[in-house]
Amino acid sequence: MMVCGVELTGSDAVVCFLNRDMGQFNLPECKVRKLSLPKNHSRDDLKRFQAAFADLMAEYGVTRVAIKERMPKGKFAGGAISFKMEAAIQLITGTELTVTLLPPALIKSTLASNPLPIAFAETGLKAFQETAFIAAYVGQFQGDAAP
């Protein structure tokens, strides 16, 4: 099962792919590490972002997207642009893509019961992809029972 972990920060969607096959994990090479939406974006920019994300998922055979949930208010609140990007990803049609939001408590409990099999530093990913990597890892445990 190919999972795409996503961290939405500012106007960027940072992505990381994780593939699990017969209990073994691997991190497929990906030409794209993040997709961006201009800060002063139009409706067409949002549609282009959505299409680019959908095309990337189709190109790599992704069946599940796991997005680290952002808080709507408070110290760690997500910005308006990131919520638009989340909605654009959730509303992708015409594919078999399952999109799951991962609350921080779920991430923490999943990692407690299923620790990462490899230290992040050994993955070869860029430092800014760590949260997306963790989202992909936790997302593959969510199965079809996820909302």
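Please treat every number below as a calculation from the coordinates, not as lab data. Because the structure is predicted, anything quoted here is derived from the model rather than measured. Note that we place each Cβ from the backbone using ideal geometry, even for glycine, and neighbour counts take in every protein chain shown.
Using a cut-off of 18 Å between alpha-carbon atoms, which lysines can reach LYS108, once sequence neighbours fewer than 8 places away in the same chain are excluded?
LYS68
Quick check: from the Cα gyration tensor, does the stretch 2-145 come out rounded (a/c under 1.5), prolate or oblate? Could you put the intermediate results ahead of the total?
Working: a/c = 1.62, a/b = 1.32, b/c = 1.23.
Because a/c hits 1.5 or more and a/b exceeds b/c, the stretch 2-145 counts as prolate.
State, as an integer percentage, the relative contact order of the stretch 2-145 based on alpha-carbon contacts under 8 Å between residues 6 or more apart.
Contact order relative to length: 35 percent.
So how strong a dipole does the stretch 2-145 carry about its Cα centre when Lys and Arg Cβ are +1 and Asp and Glu Cβ are -1, to the nearest 20 debye?
540
Reachable aspartates and glutamates from LYS34, Cα under 12 Å, same-chain residues fewer than 8 places away excluded?
List returned: GLU7, ASP12.
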